[in-house]
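Bear in mind these aren't lab numbers, they're just calculated from the coordinates by the rules spelled out. Keep in mind the model is a prediction, meaning the values are calculated, not measured. Using ideal geometry, Cβ is built from the backbone for each residue, glycine included, and neighbour counts are taken over all protein chains shown.
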Amino acid sequence: MTLVLDGRPEVLVQRREKRGVTDRYEEQGLDFQRRLRNGFLTIAEVEPDRVKVLDAEGSVETVAQSVQKALAKLLQEAE
């Protein structure tokens, strides 16, 4: 399973800036990030059984809960 933590680049860049976090993807700019996001969403659309898209625009706690639920479901299905 692949989890895509999805959000609008404009929103997520503000969150990263508040935390002082940057990486090579942010350095490429918003247009690159939009294309990257669209690519991941396309893969998720083509392979919905393997790729799960989770909303990453919520609070840290909300996003963490979404990840935990997705992983718990995966583990249940593996039993």
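Determine whether the stretch 66-73 contains at least one residue that is touching a helix residue (DSSP H, G or I) at 6+ places or on another chain (Cβ under 8 Å), assigned to a helix (DSSP H, G or I) and among the charged types (D, E, K, R). Please lay out each step first, then the result.
The first filter runs over the stretch 66-73 and keeps only residues touching a helix residue (DSSP H, G or I) at 6+ places or on another chain (Cβ under 8 Å), leaving none.
Within the stretch 66-73, none of the residues are touching a helix residue (DSSP H, G or I) at 6+ places or on another chain (Cβ under 8 Å), assigned to a helix (DSSP H, G or I) and among the charged types (D, E, K, R).
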Restrict the check to the stretch 17-38 and report whether at least one residue is surrounded by 14 or more Cβ atoms within 10 Å (Cβ to Cβ) and β-branched (Val, Ile, Thr). no
Taking the stretch 1-46 on its own, how many of its residues are aliphatic (A, V, I, L, M) and not in a helix (DSSP H, G or I)? 5
